[in-house]
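Asks: Sharing a structure below in structure tokens format, with a few things to ask.
Read-outs: derived from the displayed coordinates by stated rules, not from any lab. This is a predicted model, so every value here is computed, not measured. Positions of Cβ are generated from backbone atoms using ideal geometry, with glycine treated the same way; all protein chains shown enter the neighbour counts.
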Amino acid sequence: MTPRRSPRAVLPWLFCALMAGCANQPQPYDYSAFRAHPPRSILVLPPINQGTTVEGTYGFLSAATRPLAEHGYYVFPVSVVDHFMKAQGMPGAGEMHEVPLARAREILGADAVLFVTLERYGQTYVVVDSVSEVRIRARLYDTASETLIWEGSGFAQSGLGGGGDPLARLVAAVVVQAIGSSTDASHGLSPVAMNNMLASPKRGLPYGPYHPKAGLTE
Amino acid sequence: MIARRIPRPAALAALLLATGCTSTPPTLYAWGQYEPLVYASYASPGKVPAAEQLALLQQDIDEAAASGRRVPPGVRAYMGYLLAEEGKPDAARVQFLAEKVAFPESAVFMDRLIEGIGGKP
């Protein structure tokens, strides 16, 4: 005999299917590791740059302090740390990301290190639009326990927008592409991507000790 | 003919509500020229000489003090670094110590930098 499914068991699924938002609800982040090791200070290293332009590394790094400091953390001076580590024999982000966490703690006194990967940074030419894009991924490690306490991703984009004569937009797109590459339009998008990452619904970084909402996530 | 008019109290209330909705909370810090200068130092090296950067950052610090705002993490440390590069270790040490006072989390690194320029932490 086939078991009969109770109509009531189907209802929650039906309800969820009708509510369009259900499929896109972000999975809440598990903050237990973070709560065990909440940092006061964060060291932001130059990012690993997977984007198409070399400007991405410092275009991102020079705009990384404000979002994190406004989120309530002490942020080590990015330029000073960069020059300091270069003087210690680490020429770039690749080498700096290899530094043992215990060393970051001992030498710089950092509670946590933010390892950022710049997945996209720069102009992409998309049909009749020219789009500036920044996409980042980051992982935050506690230096004392050497555990991952948070991770996130963020994205920001700007383009010409829609409407108008397709040929004119095509020409405009090429011009924007050319100008954009030389003036690094993506630099302005870096903090937007960072803020989007820090404030991700249900997955954001908790506010730091200098923020009125210290410890809260939203 | 009756003229259509929005009653005054309602219009005033709407205006107050609108401005209240669009106001943004003040930032924790007064950011000034810090990030643009760091960006310029990488994107266009040498375009803004150290002395000019220091003058602009000192202006930011003075303006922040005048309006009761706080100087962001790293500004004084960056000034100390610029001063050290200019061959002014005593002035650099003053800035590193000021960073330490404002942000105790920076103590280990600031002491390291002071030692690096031959000073006493």
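Asks: ³J(HN,Hα) across segment A:27-36 via Karplus (A = 6.51, B = -1.76, C = 1.60, θ = phi - 60°), whole Hz, x for Gly/Pro?
Replies: Calculated HN-Hα couplings, in order: 6, x, 6, 8, 8, 4, 5, 4, 4, 6 Hz.
Asks: Now a separate question. Multiplying the sequence separation of residue A:97 and residue A:157 by 0.36 nm and subtracting their Cα-Cα distance, what value in nm do you get?
Replies: Extra length available between residue A:97 and residue A:157 comes to 18.9 nm.
Asks: Hey, what do the phi angles of segment A:94-105 turn into as Karplus ³J(HN,Hα) couplings, whole Hz, using 6.51/-1.76/1.60 and θ = phi - 60°, x for Gly and Pro?
Replies: x, 5, 5, 5, 8, 4, x, 4, 4, 6, 4, 6
Asks: While we're on this one: Calculate one ³J(HN,Hα) per residue across segment A:74-79 by plugging θ = phi - 60° into the Karplus curve 6.51 cos²θ - 1.76 cosθ + 1.60, and present them in order as whole Hz with x for glycine and proline.
Replies: Each residue of segment A:74-79 in turn: 6, 10, 4, x, 4, 6 Hz.
Asks: For the residue pair residue A:88 and residue B:33, what label-to-label distance in nm results when each label sits 7 Å from Cα along the Cα-to-beta-carbon direction?
Replies: 3.1 nm
Asks: Report, ordered by chain and residue number, the lysines lying within cross-link reach of residue B:47, taken as a straight Cα distance under 29 Å and ignoring same-chain residues fewer than 8 apart.
Replies: Within the straight-line limit of under 29 Å, residue B:47 reaches these lysines: A:86, B:88.
Asks: In nanometres, what is the gap between the two model label sites at residue A:214 and residue B:65, each 7 Å from Cα along Cα-to-Cβ?
Replies: 2.6 nm
Asks: So how much slack lies between residue B:120 and residue B:58, counting 0.36 nm per residue of separation and subtracting their Cα-Cα distance, in nm?
Replies: 19.9 nm
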